[in-house]
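So the structure is just underneath, and the comments pick up after that.
All of the numbers you see were taken from the coordinates with simple rules; none came from a lab. Since we're looking at a predicted model, the values are computed, not measured. When we count neighbours, we look across all protein chains shown, and the Cβ atoms used for this are built from the backbone with ideal geometry, even at glycine.
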Amino acid sequence: MPTIEEKKDEELIALYIQGDARALEMLIQRYLTPIYRYALQFSGNADETEDITQETFLKFWKNIAKYKQGEKFSSWLFRIAHNAAIDHIRKRRFMPFSFFDRDEGNSIADTLEDTEPLSDELFARVESARALERYLQKLSPQHRAVLHLHYYEELPFIDIGRILGVPLDTAKSQHRRALFALRKLIPNEDAPNW
């Protein structure tokens, strides 16, 4: 019989609903770091990141009964984190309007051929993680979010779309735009082979 640490997310939710508090602790332990890293992409500072993370887990706890079995738990939880981050940023009231752009894609930009290096090559060419983080912080929160979910959390675009509340094609389009914006920020000294 698997230990509580070995149980799948859905099994832990069922155990918690049945009254096992250890299952909730295990879910929080499992997702605390990924949710914190995701919230950091929005806020940029530790205090706000902690607030967003705490709000995420509070909303998760309050709404655990609304979780639908069969739905991917990590996508559901990251969607809560995404909404908590947006709520937090809206409270600050200095968010650029472009962050809330939910268009279905720019048909001209989406059809242009991308002759730049592949995304994996782009990330490999940045000499240090610290430099990459500096460049990522210059991107819009939406661009940081899509890159974080795809490269750090290794989520497929279908899950990213669910988390961001956009269709699959829009998630892919936002990813392309984020990479394009990142390429423009990285100077030649950090990408010597370009």
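Values for this structure:
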quantity: Spin-label proximity, Glu25 to the range 35-70 - amide N less than 18 Å from point 7 Å beyond Cα toward beta carbon; calculated: 58, 61
quantity: Charge dipole magnitude, Cβ of K and R +1, D and E -1 - the range 4-95, Cα centre, debye nearest 20; calculated: 440
quantity: Neighbour net charge for Gln54 - beta-carbon separation under 14 angstrom, K R +1, D E -1; calculated: -4
